[in-house]
Each structure stands twice: as C-alpha cells, then as structure tokens.
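What follows is one structure encoded as structure tokens, with my remarks underneath.
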There are 2 protein chains.
Amino acid sequence: MISEAEAVVMEVLWRNAPRSAEEILAEVGQAQQWQEGTVKSLLNRLLKKKAVKAERDGRRYLYSPLLAREKYVHQTSKSLLDRLFEGRVAPLVAHFSEQRKLSKKDIAELRQLLEELDDEQP
Amino acid sequence: MISEAEAVVMEVLWRNAPRSAEEILAEVGQAQQWQEGTVKSLLNRLLKKKAVKAERDGRRYLYSPLLAREKYVHQTSKSLLDRLFEGRVAPLVAHFSEQRKLSKKDIAELRQLLEELDDEQP
DNA sequence: AATCATCGATTACGTATGTAAACGGAACGC
DNA sequence: GCGTTCCGTTTACATACGTAATCGATGATT
C-alpha cells in the first residue's frame, strides 16, 4: 500500500498530470517543507509500487498516476471501516453524529443523497 | 499515534478489561497467528505510549485501556476524512454510494439517523 | 573539448512497525 | 534450598517510512 507522504505526491498528480518532479515540488514544497530530494525519493517509491508511470521529456521525466484516486480512496476508506466500524458506513456516520461533528452541510448532503437513492431503480 | 497491530490488542482490551497478556493472546492468537512475545512487545509499546495501564496481580500484570476507544476512533476517522474527503462525512458516504457499496442496512440506518436529527432541539 | 549545470538513481540514516527470541528474577514444587 | 517454570523486560532484526545528501550521466556553455 501507499504511504501518507506518497499520497501527498499522488494528490498533486491526480489534480494534474503529467508533471515533472520540479513542478510537483513547486506545488507541495510550501505546505510540506520538502526538499527536492524528498520528492524524488517518493516518486521512485511510487514507481516501484506501480502507482505512477514516468515518460521521458527531454532531460527529465514527466510523471502520471497509474493508480486511480477512486481506487486509492476506496481501499483506504474500506480498510478503516473494516477495522473500526464493522465494515459499514452507517456506524461511522453515527459516530460523528454522536460527537456532534456533522455540519449543516453534511446533513443537507446526506439528505440529498438518500433522496436520490429513492429515485433509483426499485 | 497507535499502530494497527497495537490497535488489535486495544480492541481486545476495549471489549473486556482488565486482562492478562495470556488472555489477550488467547483471544487474538487464532486470528493473528501471533506468538506470546509479540503480544508482550505490543503491550510494552502501548504502555510507553500511555495507551494502556498495568496493575500487578500476583506474578503477572493485568492490562486496561487508558485511551478510550471513542477517542481513538475519532482521531483515526477524522484523519482519514481530512486527507481524503475535505474533512467531511457526506463526501465519504457519497463515495460509497457511487460505488454501490451501501447495504440496505446502511441505508436504513442513515435514514433513521437523519430522522433523529430532525427531532433534536431546534 | 573541457567545464558546468541538471536530472534521475543510489545510498544514507533515524524512527516506527511487525514479529519474535533471549534474559533474568521471582514464585512453586519438591 | 534448589531446580524449574512463569512472567515481564530487554534485545533483535527485517521492512517501511520520512527525509535527504551524494553520485553519476547527460545535456548545455564557452
């Protein structure tokens, strides 16, 4: 599986690819306080894990995701649900509800979602 | 923070505490294929992290959680929501909905939850 | 052509994690 | 009392991770 620091790089590539190491650094350097070498290492590990691919562009490489964000999000979320909420979504929502951590926006969106589910094939 | 293997031990203690190392092993040994030493190490790391406490009981110790499951669940879930869903619950539910990964039971419980929210102080 | 600048690749290193084995002291059985 | 058993404590070791520095090749400069 792909680590947290690696996921930061992936997020950049998911937003916009292909990108060079330099461009990636430019986008995360501020927030992460990373050096060039750090990004290079992470990219190499991601290559080894087949999570990104690299295509030559003159003297450098441009990187693109191979792993889809959807897939990563799903794996990661499912793993958490399995470990903490018997693998289901509702108990997680219940947890945040009990902790009063559902925003108005959350609640509105959840209502909307459930309504849409009503409208689907019976 | 507390690791995944450590969390397995915590789950045992959350279900029922205080427990001895031996009892913990008895409960997880099957599923995890762990040796005695593994459980001992994990317990020591948890002690160091102040996630459990130990009280002497004759020749051995009985361990109990110091970290509440609620707190652990919240930290872990919030971290995931922050990293993948802009910190909110609804987008996670939407993701599982799109992937057709909401069970009947999930949907029923979500409806129930939202109804209960209606009934609360205005 | 010799030199310099730029990249990726290789190597480094401390900490965390998973998984144990070894050690050492106290309690128990004789 | 003395060996044996039972625990916890200490030590071990491979892999992963975060974070870089360094090396080496390739292309640009003069």
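Within the option set B:Y72, B:Y61, being of a type in the set (F, W, Y) and within 15 Å of DNA strand D (Cβ to nearest atom) holds for one residue only, B:Y61. Only one of the numbered conditions (1) modelled with pLDDT under 95; (2) within 12 Å of DNA strand D (Cβ to nearest atom) is not met by B:I24, and that is (1). Among the residues of region B:24-56, those that are out of contact with any Phe, Trp or Tyr (no Cβ under 9 Å at 6 or more places or on another chain) and acidic (D, E) comprise B:E27, B:E36.
With respect to the conditions (1) more than 27 Å from B:T76 (Cα to Cα); (2) more than 7 Å from DNA strand D (Cβ to nearest atom); (3) among the small types (G, A, S), A:A31 falls short on a single one, namely (1). Among the residues of region B:61-68, is any within 22 Å of A:R88 (Cα to Cα) and modelled with pLDDT of 95 or more? The answer is yes, given that some residue of region B:61-68 is within 22 Å of A:R88 (Cα to Cα) and modelled with pLDDT of 95 or more.
The helices (runs of 4 or more DSSP H) found entirely in region B:1-110 that carry 1 or more residues being closer than 28 Å to A:K105 by Cβ, within 15 Å of DNA strand C (Cβ to nearest atom) and not aromatic (F, W, Y) are B:69-84.
The set of residues in region A:35-63 being surrounded by 13 or more Cβ atoms within 10 Å (Cβ to Cβ), touching a residue at least 24 places away in the same chain (Cβ under 8 Å) and over 12 Å from A:E22 (Cα atoms) consists of A:L42, A:R45, A:L46, A:K49, A:A51, A:V52. In region A:88-103, the condition of being under 21 Å from the mean Cα position of the chain (by Cα), within 11 Å of chain B (Cβ to nearest Cβ), more than 16 Å from DNA strand D (Cβ to nearest atom) and on the phi > 0 side of the Ramachandran plot is met by no residue.
The values are calculated or read from the model by the stated rules, or taken from the named source; none is laboratory data. All of these numbers come straight from a predicted model, not from anything done at the bench. Cβ sites come from the backbone with ideal geometry, for glycine too, and all protein chains shown count toward neighbours.
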